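See below for the structure under consideration.
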Amino acid sequence: MELKYRALEGMNDVLPEQSTLWHSVESRWREHCRRYGYGEIRTPILETAELFERTVGETSDIVSKEMYVFQRGEERYALKPEGTAPVVRAYLEHGLYAAGSVQKLYYITPFFRGERPQKGRYRQAHQFGAEIFGAAHPLADAELLYMVMDFFQSLGVPADALELRVNTIGCPECRPAYREAVRNWGRDNYARLCKNCQARLERNPLRILDCKECVEITTDAPTIDPYLCDTCRTHFESLQSLLKTLEVPYVRSHRLVRGLDYYTRTTFEVVAEHGLGSQNALCGGGRYDGLVEELGGPPTPALGVGIGVERTLLVLQALKAPLPQPAPIDAFVVAFGDAARPVALQTAIQLRHAGIATDLDLEGRSPKAQMRLANRSGARYAILLGDSELQQGTASVKNLQTHEQTTVCQTELAEWIKSRL
Ligand code: HAM
């Protein structure tokens with residue numbers, strides 16, 4: 001069949017079999033966030049393009065190359081390319097800071113980036129996100145990192161299949177001197193840099209450090225440690241000591257500068273050893289202590305994480321983690337003769353109201369064809385309704401595994417099935 005319409009490149013349909021996996025990781029994430037004291041926030045898919053230009057940054061790849069932007073009337077809109085900026089916008093718009101305490105918000109959101117699609121990299125993808133507002137202490141960083149690793153563990157991903165990489169990128173006080181040092185180093189090594197890094201040397205030199213093409217060259221680039229101010233150094237040392245206390249294994253990665261402009265101090269990523277190929281970052285996040293203020297709010301330290309849902313599922317599949325199977329239906333109603341068809345429909349509805357997943361033929365098929373459907377459906381019970389059952393107000397219930405058949409009064413049918421599921 002020649003198909004005229006197909007899903008756009010890099011955008012995926014999720015079919016029922018896969019949906020079961022999605023439901024299971026989504027509900028795990030919701031329950032996990034509930035246990036850690038988060039409330040859910042849902043923000044729109046569209047925002048003004050300016051929101052992301054101001055926060056993620058105009059020179060970032062996400063905004064300058066990948067964002068889906070369109071104009072309608074005077075306004076320029078963007079499909080959200082990430083989840084944090086909309087949450088900060090909502091935090092301010094609804095005055096959530098007025099509560100004065102720490103606020104923890106989680107979400108599950110689609111996001112859109114016009115990247116070249118490949119395994120684990122799509123143009124519409126989904127993130128599990130968590131953001132903490134109002135907590136400056138490194139305890140918050142440690143709790144967030146623990147929570148992320150705990151989530152993967154609760155999904156059955158063994159700790160040795162993952163690597164937590166942690167870094168600090170300083171603050172607006174100490175970072176400019178470091179940025180200048182990297183820029184100077186880049187100028188000295190200009191000819192060895194890839195084309196992309198040559199172009200970003202003046203605008204965004206720190207991104208050179210996490211360029212995959214320039215890995216070998218950047219081994220001798222300056223590290224941030226000598227440039228950190230006392231507050232940033234103490235924060236990072238406390239975080240590392242807390243991670244040790246909590247027995248969270250991590251590696252220090254000097255390259256982890258992240259591709260979004262809003263970060264300050266702590267940055268982190270979890271990479272997976274299996275299942276992702278070159279797109280091996282399972283999640284990323286960090287502090288963004290200046291962002292709320294940048295958008296017009298009161299000074300509010302904040303931090304968060306975004307976990308790739310598709311990548312999480314790829315890792316689970318690669319590790320052959322025990323994945324939930326789609327639950328088959330419980331009962332299939334079979335009508336013997338036309339008179340029984342409306343009763344079959346009523347019976348199915350009655351069973352569904354009682355919480356029993358029930359199906360039936362909707363095409364007026366013969367009893368034999370309906371029995372074939374019942375067997376194929378995976379249902380535990382077939383409910384057989386013919387003239388005699390109709391007259392007596394009963395149903396014949398056939399266990400499709402043992403082939404045993406019982407007569408049950410129609411008024412007791414739902415209870416009878418429920419007690420045997
Ligand atoms: P990010 O590192 O850009 O951070 O994205 C987070 C995660 O989303 C990545 O680690 C990856 O698993 C997944 N991801 C990113 N791009 C794609 C793609 N094209 N296809 C599939 N998965 C992808 C953020 O978005 C920040 N908002 C995270 C954050 C929250 N920082 C603080 N709070």
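Quick note: the coordinates plus some simple rules give every number you see, no bench work behind them. All of these numbers come straight from a predicted model, not from anything done at the bench. Cβ coordinates were reconstructed from backbone atoms using ideal geometry, including for glycine residues, and neighbour counts include every protein chain displayed.
Taking the Cα centre of the chain as origin, sum charge times position over the Cβ atoms of Lys and Arg (+1) and Asp and Glu (-1), and report the length of that vector in debye to the nearest 20.
Numbers: 49 positive and 53 negative charges, 136 e Å.
For this selection, approximately 660 debye.
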Cys with no candidate disulfide partner in the chain (beta-carbon separation under 4.7 Å rule): 33, 171, 194, 197, 232, 283, 409
Under 19 Å between alpha carbons, and skipping anything fewer than 8 positions from residue 398 in its own chain: which aspartates and glutamates qualify? 330, 359, 361, 387, 389, 412, 415
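Based solely on its DSSP helices, what 222 nm [θ] is calculated for the chain when runs of n ≥ 4 H residues each add -39,500 (n - 2.57) and the sum is averaged over all residues, nearest 500 deg cm²/dmol?
Numbers: 13 runs with 138 residues, N = 421.
After summing the helix terms and dividing by residue count, I get -10000 deg cm²/dmol.
With +1 on the Cβ of every Lys and Arg and -1 on the Cβ of every Asp and Glu, and nothing else charged, how large is the dipole of the stretch 331-418 about its Cα centre, in debye rounded to the nearest 20?
Values: 9 positive and 9 negative charges, 63 e Å.
Value, rounded to 20: 300 debye.
Please tell me the relative contact order of the chain in percent, rounded to the nearest whole number, where contacts are Cα pairs under 8 Å and at least six residues apart. Don't skip to the end; give the middle numbers.
Numbers: 705 pairs, mean separation 61.9, N = 421.
Reported as a whole number, the value is 15 percent.
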Which ordering of 271, 215 is given by a fewest-first count of other beta-carbon atoms within 10 Å? 215, 271
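Report, for the chain, the % of DSSP beta bridges that are antiparallel, rounded to 5. Let's see the in-between values first.
Working: 52 of 64 bridges.
Taking every DSSP beta bridge with both residues in the chain, the antiparallel ones total about 80 percent.
Order of 397, 148, 69 from fewest to most other C-beta atoms within 10 Å? Can you show the working numbers first?
On the way: 397 20, 148 23, 69 15.
Arranged by neighbour count, lowest to highest, 397, 148, 69 become 69, 397, 148.
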For the stretch 159-294, build the charge dipole from Cβ charges (+1 Lys, Arg; -1 Asp, Glu) around the Cα centre, then report which of 198, 235, 291 sits farthest towards its positive end. 198
Distance cut-off 27 Å, Cα to Cα: go down the list 4/368; 80/119; 4/212 and report the pairs above it. 4/368; 4/212
Inter-part distance where the stretch 304-383 and the stretch 112-134 are each reduced to a Cα centre, Å: 32 Å
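Among rounded, prolate and oblate, which fits the stretch 331-418 when a ≥ b ≥ c are the square roots of the eigenvalues of its C-alpha gyration tensor, a/c under 1.5 means rounded, and a/b larger than b/c means prolate? Walk me through the numbers before you get to the answer.
Working: a/c = 1.25, a/b = 1.05, b/c = 1.18.
Rounded, since a/c falls under 1.5.
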Angle between the chain longest axis and helix 16-35 axis [Cα atoms, degrees, rounded to 10]: 60 degrees
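Across the chain, where is the longest run that never hits trypsin sites (Lys or Arg not before Pro) in a DSSP loop with at most 15 other C-beta atoms within 10 Å? Display every interim value, and only then the final one.
Working: sites that count: 4, 6, 42, 119, 203, 212, 320, 365, 420.
Free of exposed loop sites, the longest segment is 213-319.
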How about residue 104: which aspartates and glutamates have a C-alpha closer than 19 Å to its C-alpha, ignoring those fewer than 8 places off in the same chain? 26, 31, 40, 82, 93, 131, 141, 143, 150, 289, 293
To test your reading of the geometry: what angle, between 0 and 90 degrees and rounded to tens, separates the Cα axis of helix 340-353 from the longest principal axis of the chain? 40 degrees
Order these by the 10 Å Cβ neighbour count, fewest first: 362, 291. 362, 291
